[in-house]
Structure formats: structure tokens, C-alpha cells
1. Just to be sure before I move on: is A:VAL73 surrounded by fewer than 24 Cβ atoms within 10 Å (Cβ to Cβ) and either in the same structural domain as A:LEU151 (by TED's automatic domain parsing) or touching a helix residue (DSSP H, G or I) at 6+ places or on another chain (Cβ under 9 Å) (or both) in the structure I sent?
2. For residues that are among the hydrophobic types (A, V, I, L, M, F, W, C) and in contact with a Lys or Arg (Cβ under 7 Å, 6 or more places away or on another chain), tally how many sit in the stretch B:17-33.
3. If you go through the stretch B:72-126, how many residues are farther than 15 Å from B:ALA38 by Cα, part of a strand (DSSP E or B) and either in contact (Cβ under 8 Å) with a residue 12 or more places away in the chain or within 12 Å of chain A (Cβ to nearest Cβ) (or both)?
4. Please find, within the stretch A:1-13, the residue that is farthest from A:GLY349 (Cα to Cα) out of those that are of a type outside the set (Asp, Glu) and under 20 Å from the mean Cα position of the chain (by Cα).
5. I'd like to know if the stretch A:127-135 contains one or more residues that are exposed (fewer than 13 other Cβ atoms within 10 Å of the Cβ) and in the same structural domain as A:ARG75 (by TED's automatic domain parsing).
6. List, please: which pairs have Cβ atoms under 7 Å, are six or more places apart or on different chains, and start with a residue in the stretch A:1-18 that is of a type in the set (S, T, N, Q) and end with one that is open to solvent by 50 Å² or more (accessible area, probe 1.4 Å)?
7. Would you mind finding the one in B:ALA227, B:ALA237, B:ALA208 that is open to solvent by 20 Å² or more (accessible area, probe 1.4 Å) and free of Cβ contacts under 8 Å to residues at least 12 places away in the same chain?
8. In the stretch A:1-52, which strands (runs of 3 or more DSSP E) lie fully inside it and hold 1 or more residues that are within 23 Å of A:PRO275 (Cα to Cα)?
There are 2 protein chains.
Amino acid sequence: MKEFRFELLASDGAARTGVIHTPRGDIRTPAFMPVGTAATVKAMLPQSVRETGADILLGNTYHLMLRPGAERVARLGGLHKFMDWPRPILTDSGGFQVMSLSALRKISEEGVKFQSHIDGHAEFLSPERAMQIQRLLGSDIQMVFDECPALPATHAQIEKSMSLSMRWAGRSKIAFGEQSDEERAGRACFGIVQGGTFADLRLRSAEALKEIGFDGYAVGGLAVGEAQGAMFETLEATVPHLPHTQPRYLMGVGKPDDIVGAVLRGIDMFDCVLPTRSGRNGQAFTAQGALNLKNARFADDEAPLEAGCGCPACRQFSGPICTCGEIGRNHRRNVTELAQLGLLPAAHGDLRQAIAQSRLTDWVKDRLGGAQEMEDV
Amino acid sequence: MKEFRFELLASDGAARTGVIHTPRGDIRTPAFMPVGTAATVKAMLPQSVRETGADILLGNTYHLMLRPGAERVARLGGLHKFMDWPRPILTDSGGFQVMSLSALRKISEEGVKFQSHIDGHAEFLSPERAMQIQRLLGSDIQMVFDECPALPATHAQIEKSMSLSMRWAGRSKIAFGEQSDEERAGRACFGIVQGGTFADLRLRSAEALKEIGFDGYAVGGLAVGEAQGAMFETLEATVPHLPHTQPRYLMGVGKPDDIVGAVLRGIDMFDCVLPTRSGRNGQAFTAQGALNLKNARFADDEAPLEAGCGCPACRQFSGPICTCGEIGRNHRRNVTELAQLGLLPAAHGDLRQAIAQSRLTDWVKDRLGGAQEMEDV
């Protein structure tokens with residue numbers, strides 16, 4: 001059985017490019033993970049998602065535990081079969097959605113009682129149950145269960161929350177270890193650094209996680225509304241304390257300039273619903289910025305969304321199909337999602353090459369006109 | 001340049017199987033044409049449509065003339081390029097939608113003035129303009145402009161309408177002939193038999209069209225609410241008067257048992273929005289009848305939609321992905337449309353083989369449990 005293993009290929013400053021080897025296939029880093037919330041990347045067939053260059057998808061523990069239920073998915077052969085995606089899947093632990101979607105949360109040392117946002121049904125998540133669900137789903141990369149505190153919050157509040165998350169991280173790791181050898185083979189468990197934007201708490205959190213020992217380390221609790229500068233500063237205070245030899249994952253980030261800034265600070269993996277969600281609404285991210293394809297000026301424009309881009313949408317469709325009202329409505333859903341996901345992995349392909357060739361600084365300047373960006377680093 | 005040519009391969013009773021050769025590819029008959037109303041088969045990428053076995057799509061003159069406009073499509077390289085479908089396209093003439101969708105119609109000998117159902121804009125369609133639009137779109141099979149009378153109607157009303165449609169058919173043929181040789185090469189023009197459910201009018205209409213001379217003959221004005229028996233009787237009164245050597249197309253029919261009954265009566269081509277529309281709503285046509293995939297009983301059912309079916313949906317997805325509420329909503333749109341289109345062309349593949357092997361009677365009995373069906377023929 002192949003093992004889960006991170007191979008670092010090249011660095012350029014703090015930025016890295018590499019490959020995460022898993023039994024279900026390789027993940028080239030920096031990697032963007034499209035989000036298949038409820039076992040589907042909305043409005044796209046798995047084959048189309050793969051054609052955009054995605055190596056791995058993200059599935060949501062919270063959504064899947066409520067509907068159709070982790071036990072049902074397991075009975076039907078696991079999440080990979082259920083969604084017809086044979087490649088790697090990372091699952092979150094449900095902690096973030098419990099805070100953002102559910103009602104009447106009650107947090108204790110044991111875990112979180114909450115009401116389903118769908119039907120008000122009483123539910124419970126703990127480190128043990130979150131890991132059990134991810135095991136039932138058959139996830140390749142399983143995330144520890146953590147508390148995601150509401151912001152703004154004081155240093156004392158964040159410290160208390162981070163400390164609870166670190167105790168839960170320990171219990172999550174134990175629960176992960178209790179899978180059978182067969183279940184666990186080639187699967188990974190990632191810890192999640194918390195601590196808000198407080199450098200001292202981030203450091204303590206990173207140290208606590210390293211003490212437990214994980215296959216990879218995520219940075220959580222960012223991209224929740226703070227300024228980009230604060231996010232980048234927090235990364236600078238966190239990433240240097242994470243093991244060099246293991247993958248680093250910034251949770252919930254999908255805007256191209258956020259991704260580039262985080263790569264420059266040593267992050268390897270990303271996920272976000274933003275590309276697919278904005279794609280369904282007719283917005284496309286390009287090197288020239290975000291375009292609203294419903295705009296009349298695109299109606300006669302034959303240019304592809306991104307000049308020189310080889311993604312399926314840019315290769316096959318011209319602008320007008322995305323813009324002509326009724327005409328575009330259906331294709332737009334498919335086509336601009338393809339483009340969004342295509343552009344992001346394509347950007348990563350470029351990024352990966354730029355890092356490997358030690359010319360990331362020039363690439364960022366070319367790509368983002370990023371003078372200011374570079375000064376900040 | 002390859003010509004448009006119908007090759008009859010085998011007959012079984014009145015049923016036939018063959019191939020329509022066109023410069024853009026072969027169409028195996030009996031053929032079902034998925035409808036790409038506004039230059040897209042809703043919610044599906046062209047590649048997925050092709051994978052279901054579809055050889056030809058149908059485009060709507062009425063929808064495309066209003067949005068994005070025929071001249072715009074021509075400027076952008078034609079409908080095939082616009083919708084990324086390099087294979088044959090048949091376009092209707094807009095006559096049916098003018099009657100069913102638009103407001104304030106005023107019919108004269110010259111043509112029809114009407115208001116766009118989108119913005120109330122004044123529009124005009126005549127045989128000459130309808131053929132011009134189809135030429136601008138670059139359609140491979142162009143349909144004559146006809147009047148589709150509202151039903152019920154008297155013999156006298158239908159006779160008057162049919163006579164007008166026959167004069168328009170003559171003008172349509174002349175307009176089709178006025179394309180440049182380059183434009184016309186390999187393209188076909190089909191006449192449309194009208195006459196309601198009156199056998200004498202159908203006969204007169206068929207004779208009038210043969211007098212003009214077309215590359216294929218459609219039966220229009222059916223599947224508009226009449227009983228299946230009346231539709232079949234009208235086909236029996238019409239089809240024997242159409243040339244044996246050219247394709248015959250029953251417009252607007254897509255229910256499996258209607259298709260089979262019409263094939264038994266000598267029809268070669270079909271189109272309908274029903275498979276894709278009902279697919280988007282979670283209904284699947286199978287040999288066991290129509291299934292509502294939102295039904296809770298499918299939630300734990302691992303069986304494919306159709307046992308033994310090799311279509312992409314049956315191959316890749318099990319029932320539950322189509323049924324689990326939120327989970328199924330997005331996939332259902334894609335998956336059951338794939339299945340619908342897959343099942344129909346798959347049924348046609350079976351049909352074609354049964355005809356070629358002179359065992360259509362047995363096939364119908366097996367497939368539809370069609371004792372009554374067979375007695376009627």
C-alpha cells in the first residue's frame with residue numbers, strides 16, 4: 001500500500017512546490033481544492049472538474065452528516081464512489097459550519113450540541129464523532145475537530161478557544177489512530193492552528209500541534225473578514241513555526257491574490273467555494289481582475305476569458321455564450337465554473353513552474369502587477 | 001464536398017433503420033435529437049450530450065433570432081462554433097414558437113408579425129426571413145416556415161391553414177435555393193406535412209410537398225395534446241404517402257412509447273424537450289416506466305436507473321446521488337439529463353438493431369410489454 005508522503009521539489013524564498021503522494025493519486029502543490037459541499041461540485045460533472053486540473057476535492061463533514069448521513073454514504077461504498085471521484089478527497093471536520101450555519105450551539109469540553117440548519121434536528125459533534133464521520137466517508141485527508149470562535153474577540157477569548165481546540169486536536173489524533181490499520185493505510189490527519197490574529201497564540205497553537213504530531217498542518221480562523229494585511233501578517237507569524245517537511249494548508253482561501261500572497265509565505269494548499277459560486281453567478285477571475293460576464297460589453301466579444309489559457313472553458317467557448325441573457329444562463333453555470341477552476345489550477349501550474357525555476361518574484365510582478373505585493377513580503 | 005444523403009439499411013414492416021450522411025457527420029436513424037433551445041442543452045456540456053450517443057441537436061430559430069440574434073451568431077462564426085457542437089444541427093423555422101410563445105400575432109399571406117415574449121419588441125417572420133435566419137445560423141437541416149394552427153379547429157380552418165403552409169413551403173424552398181452554392185453544399189431543406197388529424201388534408205399536404213420536392217419530410221401539428229391513438233392514426237394516413245427514400249421526422253415527440261409507436265409506422269427522426277426538462281426535475285424514463293427520483297425509496301437504492309444500460313449516468317452514478325435532497329439537487333440536474341438522453345438513444349440503438357434483425361415485434365413486446373401496442377398496429 002502506498003503511503004501518504006509529501007515530497008518537496010523546490011523552494012523560492014518561503015514559497016514551495018512539491019507533490020503530496022497518496023494511494024488515490026498525487027496532489028501537485030501549491031494546490032487548489034474545489035469544494036464539493038454536498039458530494040458534488042455544484043452543476044459540474046466530476047469529469048469536468050478533473051479536466052480543469054484539480055487533483056483533490058474537499059467534502060464537508062457538516063453537510064454530509066446531515067444529508068445523506070455518513071453511515072448511509074459508508075453503506076453505499078464511501079464518498080469517492082458516491083460522487084464518482086476516484087482521486088483524493090480532504091474532508092473538514094464540521095467545526096466551521098457548526099459555527100456559521102447551525103442554530104442554538106452549546107459548546108462544552110465534550111463537544112458541540114447544535115440544531116441542524118435544515119430541519120432543526122438536534123445533533124452532536126465531538127472530536128471522536130467528527131473523526132468517525134470522516135472515516136465513514138473514506139476521506140484521504142481528515143481534519144481535526146476545532147472550535148472556530150466568532151470575531152471580533154479579545155485575546156482572552158481567543159486564548160480560551162484555542163486551548164480547547166488544542167485539547168480537541170489531541171483527542172482527534174487519538175480517534176484517528178483508532179481506525180483499523182486497513183482503514184488508516186495511506187490516510188492522513190491534519191492539525192489546525194488557531195489563535196486569531198495574535199502572534200503569541202498562533203505560536204503556542206503551532207507548538208501544541210507539533211507536540212501531538214500530524215501529517216500536515218492547516219491554518220484556520222483566517223479569511224473570516226479580516227483585512228488581507230492582517231491575514232498575511234498572521235501567516236508570517238505562523239508558517240515559520242510549522243514543520244518544513246509537511247504540507248501547509250490555508251483554509252477557506254480562494255481569491256487569486258490571496259492565494260499568491262499565501263504561497264509567497266509558504267502555504268501549499270487552499271480551498272474555497274468562491275470560484276465555483278461566483279462562476280455560477282457569471283463572474284470570472286482573470287489576470288486582468290474579476291470580470292462580470294453578464295455585462296453587455298461581452299456580448300460580441302470573441303476573446304476567451306483569459307488569453308492563452310488552455311482550460312476547457314477558454315478553449316471551447318467564446319465570451320458571448322456566457323453573456324447573451326437566456327442563452328448564457330445555462331452555459332454560464334457550466335462554462336464559467338470550468339473557467340474559474342481552470343484558471344485557478346492553471347495559475348497554480350504557472351506558480352509551480354515559477355517556484356521551480358526560482359523566478360516567483362518576476363511572475364508575481366507580471367501576473368498581478370504586484371509591486372506593492374512584493375514590497376509587503 | 002460530401003452530400004446530404006439518406007441511406008436505408010433495413011426495414012421491418014413499416015419500421016426502418018438507416019443513416020443520414022451529412023458533411024458534419026452521420027446521423028443513425030431512428031434518431032432522437034436533444035433540444036438545445038438557446039444554443040445549449042440546458043445544464044449540460046456538449047461533450048456530455050455527445051457521450052449519450054446523440055448524433056444531432058435541434059436549435060430553435062425563434063429563440064435564437066430574439067437572443068442573441070441570428071446576425072450576431074453568424075458574425076461569431078455560426079451556431080456550431082457558438083455552442084461548441086461540431087456535428088449536425090437541425091433548426092426549426094420558428095413557426096411553432098411564434099404560435100405558442102409570442103403575443104399579438106398577426107398572420108398575413110406575407111408572414112407573421114408578433115411581439116417577442118421577452119420584451120414585447122415587434123418582430124416579423126416570413127418564409128424568406130425564417131430561411132435566412134437558418135442560413136445565418138449555419139443549420140445543416142433547415143425546416144420550412146409553416147403555420148401551426150391552434151387546436152381544436154374545424155376541417156375548414158385546418159384546410160385554410162394547411163394551404164397557407166403549403167404556399168409558404170414553396171417560398172421556403174425557393175429561399176433555401178437562393179443560398180450560395182457554398183452555403184448550400186451538404187445542407188438539406190425539409191418540408192412539413194400539416195392537416196391536423198384529417199386524413200384527406202394530410203394526403204393533400206403530402207402531395208403538395210412532394211410536388212415542390214424536399215430532402216426530407218416532417219410531420220408537424222401532432223403531439224399538441226391529441227390522444228396517442230389519434231396521433232398514430234394520423235401517421236398511418238400520412239407516412240405511406242411520403243417518399244420511401246428520404247428521412248421522415250415526427251416533430252415534438254419524445255415519450256418512449258410515442259417514439260416506438262411512430263417508428264413502427266415508419267418515422268426516422270424525433271425531437272422533444274421532454275427528456276431534458278423532466279430530467280432536470282428528477283424524473284427518469286426507464287423500461288419500467290417513469291421514475292420520480294425525488295422519492296424517498298431511492299435514497300438507499302444502489303441500482304442504476306436502468307439495469308444493463310451503459311449510458312454515462314447509469315455507469316457512473318447510483319440512485320442515491322439523485323435523491324438525497326440537497327445532495328441530489330445539483331447532480332440530479334446533470335445526471336438524470338444524461339440518463340434521459342442516454343436511455344433514449346440507447347433505446348434507439350436497440351431499436352435500430354431490432355429493425356436490422358427483423359425482430360422489432362418481439363423487441364416491442366419485451367420492452368414495452370406491448371401486447372396492446374402491437375394489436376393497434
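The values are calculated or read from the model by the stated rules, or taken from the named source; none is laboratory data. Predicted, not measured: the structure shown is a model, and the values here were computed from it. Methodologically, a virtual Cβ is constructed for each residue, glycine included, from the backbone with ideal geometry; neighbour enumeration extends over all protein chains shown. Side chains included, ligands, DNA and RNA excluded: accessible areas come from the protein's heavy atoms. Shrake-Rupley method; radii C 1.70, N 1.55, O 1.52, S 1.80 Å.
1. no
2. The qualifying residues number 1.
3. 8
4. A:PHE4
5. Checked against the condition, which is being exposed (fewer than 13 other Cβ atoms within 10 Å of the Cβ) and in the same structural domain as A:ARG75 (by TED's automatic domain parsing), the stretch A:127-135 yields no hits at all.
6. A:THR17/A:LEU9; A:THR17/A:ALA356
7. Only one candidate qualifies: B:ALA227.
8. A:15-22, A:25-29, A:31-33
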